[in-house]
Every structure is written in C-alpha cells, then in structure tokens.
Amino acid sequence: MPELVTLALEVGFSHAAPLNAAALRALPEVRDMCASGRCQRYDRSWSCPPACGTLAETEAAMRRYTGGVLVQTTAQLADDFDVETMERAQKLHKEHFFTLARQARLLYPDCLPLTAGSCTICRTCTYPDKPCRFPQKMLSSMEAYGLLVSEVCQNSGLPYYYGPGTLTYSACILTKEG
Ligand code: SF4
C-alpha cells in the first residue's frame, strides 16, 4: 500500500509500512486487558469493548481486508518521567491519525482505521445513553479489536521498540487493496 505509506509520512508519522493484514489475530488476552480496566475506557465508549463487538466479530471484520498501512509516532524521552513528551507524542499521534484516517476514508471508503487508545472525537462520549454522534468518523483502537500491537509491528516489518529512552505509539488502517 505505497500510496498510504507515502501519505502517512507526509502527514508526519515517524514510521510507516505496508500492513501484513493476513497475519492479524484477535487475541482473548488483549480483550482481557481491556476488561481489566487498565485504561479506564472499557464499557465507557462506543469505540471500545464491549460496544465495538465481540472478539469473533472484530476478527471477522478484519478478515474482510487484505492490506493497509501501519503507522508509528516515536518520541525521544529526556528520562523515564518525561510525562510532557509522552503526552505531546500521544496528542500528535492522535491528530496525525485523525488526518490520515480522513484522507484514507476518501480514497478507500470501506477502509477500517484502528487508532491508539479510545475514540476522543467528542469531549464526552454519548455511550451508553445515546447513539454515537459520528459513526462515520468514530475510531476504535487496535487493542479494542484484540490486536497485540507488538505482534502486528513484528509481522509488518517495523520495530515495536526503538531503543532506550524512546516511546512509540502505533495505529493502522486496513484496506481491501494490497
Ligand atoms: S464519535 Fe463521539 S460518541 Fe462516537 S465513539 Fe467517538 S467519542 Fe463516542
């Protein structure tokens, strides 16, 4: 998927590579991590489990795709407590991915973007009282779909870890081309 790789690098991601869609697996242990409440978003957003679908449903949704792009934002931290850089990198990653997902949806209307972290399009998610405000823009995470990010990176030829003092956020877009 060279077109999306080029777009991703133009948008500002540190790294981008064609996604090995055939190797994607929805893993129960990743879903268990969501359910453990580690990120506090389980059962609090339409984009997260259980609302985003059962593991069988997310696996089936991913099986419809044959290609795509994996993107990363890598930050260099001053030390282990450099929270400012961590937060800035996360914000940048989300902004860049929102831009890339919008462009990808124009090029490939039935693509499936999977971001890092819960959907943050609205200040407060309508879940569970009202329907999602923007179902066409909503972004689920790789983890919500059961993906182990380190495995996806390895299978797509990008490192998950770029060495001491670095922090990397990943996201991907699945397409039926490639
Ligand atoms: S678009 Fe808004 S309502 Fe829909 S999942 Fe995202 S935050 Fe929630």
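Considering only protein heavy atoms and a 1.4 Å probe, what is the carbon-and-sulfur percentage of the accessible area of segment 30-155?
Carbon plus sulfur share of accessible area: 54 percent.
Calculated FRET efficiency, C39 and R63, Cβ-Cβ r, R0 25 Å, to nearest 0.05? Show your work: numbers first, answer last.
Details: r = 26 Å, r/R0 = 1.04.
Calculated value: 0.45.
Figure the gain on full extension for D32 and E177 (residue separation times 0.36 nm, minus the Cα-Cα span) and round it to one decimal in nm. Can you show the working numbers first?
Working: separation 145, 0.36 × 145 = 52.20 nm, distance 3.12 nm.
Working it through step by step, the gained length comes to 49.1 nm.
Using a Gaussian network model of the chain whose springs link C-alpha atoms within less than 10 Å, name the residue from C119, C48, C132 with the highest mean-square fluctuation.
Sorting by GNM fluctuation, first place goes to C132.
Quick one: which residues, 5+ away or cross-chain, put their amide H under 5 Å from the amide H of S140? H built at 1.01 Å from N.
The answer is T115.
Looking at the P(r) of segment 2-175, how many percent of alpha-carbon pairs lie beyond 23 Å? If you can, show how the numbers build up before the last one.
Values: 5664 of 15051 pairs.
So the portion of pairs separated by more than 23 Å is 38 percent.
Which whole-number percentage describes the relative contact order of the chain, with Cα contacts under 8 Å and a sequence gap of 6 or more? Write out the running numbers ahead of the final one.
Numbers: 321 pairs, mean separation 66.6, N = 178.
After rounding, I find 37 percent.
With every protein chain left in place, what is the accessible area per residue of segment 2-175 in square angstrom, probe 1.4 Å? List each step's numbers first, then the result.
Details: 9140 Å² over 174 residues.
With the other protein chains kept in place, segment 2-175 gives 53 Å² per residue.
How big is segment 66-115 by Rg and Dmax over its Cα atoms, in Å?
Expressed in Å, the Cα Rg and Dmax of segment 66-115 come to 13.8, 41.
The values are calculated or read from the model by the stated rules, or taken from the named source; none is laboratory data. Bear in mind the structure is a predicted one, so any value in this text is a computation, not a measurement. Every residue, glycine among them, receives a Cβ derived from its backbone with ideal geometry; neighbour counts consider all protein chains shown. We work out accessible area using only protein heavy atoms, side chains counted, and drop any ligands, DNA or RNA first. Shrake-Rupley method; radii C 1.70, N 1.55, O 1.52, S 1.80 Å.
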